[in-house]
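Some notes on the structure that comes next.
Since every read-out is calculated from the coordinates, none of them should be taken as a lab result. Keep in mind that what you see is a predicted model, and the values were worked out from it rather than measured. Glycine also receives a Cβ, built like all others from the backbone with ideal geometry; neighbour counts cover every protein chain displayed.
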Amino acid sequence: MRDTYATLQQWILDARRLVFFGGAGVSTESGIPDFRSADGLYHQHYRYPPETIISHSFFIKHPAEFFAFYREKMVAPQAKPNAAHLALAALERCGICAAVVTQNIDGLHQEAGSQNVLELHGSVHRNFCMRCHQPHPLSAVLAAHEIPLCACGGIIKPDVVLYEESLSTEVLNRSIDAIAHADVLIIGGTSLSVYPAASLIHYYQGDKLVLMNRDKTDADAQANLVIRDPIAEVFSALTL
Ligand code: CNA
């Protein structure tokens, strides 16, 4: 086993409060594209830039175009958890992993079995009527031809944080608390370029910061261990 993997494995096995903080790169090996990789959504061509389409003002002005993009590009109901999701769930069950803080909206950590998942940007699996607040399943959003509507006539809005919208203060505070009390912090599959999520790294106070990302990030210099291999491959190679 490579030295970096052996170090990572030891840090994980010795951890008392491991926290994982991840992003879209955690799910690329499950077949969900990220935003900023070379083959990510931001390098494909649409009528509007993806950042514009998934903004609050675009959603309000052009809901039909928003939902067409959302259904095609942001939701992957067939995707299954990969070795990274599964390993983190197993580490929670054996008392090592205290929390998964994620920018992902795909629900794959929960599907893998993780219980304490802090979803900074919400989830495609929660949807509410904007008028009567009735909850609706993802299937209601997927089944609609254009704009998903509640029986009351209101638009069903996914509980995902769009650009121009605020994160839940409660989820943010719980994430800060988890990271501030972590002995090992693994950051994986995130370009660390979406704020305020990216600033959470500053709350970590330990000396075992692992950065597992295919591309370089601005935080690499702060990390105690940097791994550039695909994240599910890394977790598959460890004996945990
Ligand atoms: P990003 O900006 O697209 O960055 C992803 C990072 O992951 C890149 O730096 C890649 O190099 C890296 N990466 C990609 N695949 C792997 C891999 N297999 N192993 C290791 N590293 C990899 O995405 P962020 O999460 O940083 O940006 C935050 C956005 C993306 C959030 O608002 C998310 O909601 C949003 N997003 C979520 C999903 C999802 O839920 N699966 C998919 C696409 C985008």
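Quick notes
- Test: residue in segment 155-163 that is among the acidic types (Asp, Glu) and within 16 Å of the ligand (Cβ to nearest atom): yes
- Inter-residue pairs, beta-carbon under 8 Å, first small (Gly, Ala, Ser) and in segment 98-122, second in a loop (DSSP other than H, G, I, E, B) and within 8 Å of the ligand (Cβ to nearest atom), 6+ apart: GLY122/ILE105; GLY122/VAL161
- Qualifying positions in segment 78-110 - among the small types (Gly, Ala, Ser) and surrounded by fewer than 23 Cβ atoms within 10 Å (Cβ to Cβ): ALA79, ALA83, ALA87, ALA89, ALA90, GLY95, ALA98, GLY107
- Selection within segment 82-126 - within 11 Å of the ligand (Cβ to nearest atom) and in a loop (DSSP other than H, G, I, E, B): ASN82, GLN103, ASN104, ILE105, ASP106, GLY107, LEU120, HIS121
- Complete set of residues in segment 24-45 that are in a helix (DSSP H, G or I) and more than 6 Å from the ligand (Cβ to nearest atom): VAL26, SER30, LEU41, TYR42, HIS43
- Residue among ARG71, ARG36, ARG17 that alone is of a type in the set (Lys, Arg) and either under 16 Å from VAL210 (Cα atoms) or without any contact (Cβ under 8 Å) to a residue 40 or more places away in the chain (or both): ARG17
- If you go through segment 195-223 and keep only what is exposed (fewer than 14 other Cβ atoms within 10 Å of the Cβ), outside any loop (DSSP other than H, G, I, E, B) and either under 17 Å from the mean Cα position of the chain (by Cα) or β-branched (Val, Ile, Thr) (or both), you end up with just SER199.
- Residues of segment 170-215 that are of a type in the set (A, V, I, L, M, F, W, C), out of contact with any Phe, Trp or Tyr (no Cβ under 7 Å at 6 or more places or on another chain) and within 11 Å of the ligand (Cβ to nearest atom): LEU192, VAL194, ALA197, ALA198, LEU211, MET212.
- Exclusive hit being in a loop (DSSP other than H, G, I, E, B), surrounded by fewer than 19 Cβ atoms within 10 Å (Cβ to Cβ) and of a type outside the set (Lys, Arg), set LEU192, LEU240, LEU172, LEU142: LEU240
- For segment 224-237, the candidate set comprises residues that are over 20 Å from the mean Cα position of the chain (by Cα) and not in a strand (DSSP E or B); within that set, the residue that is nearest to the ligand (Cβ to nearest atom) is ALA237.
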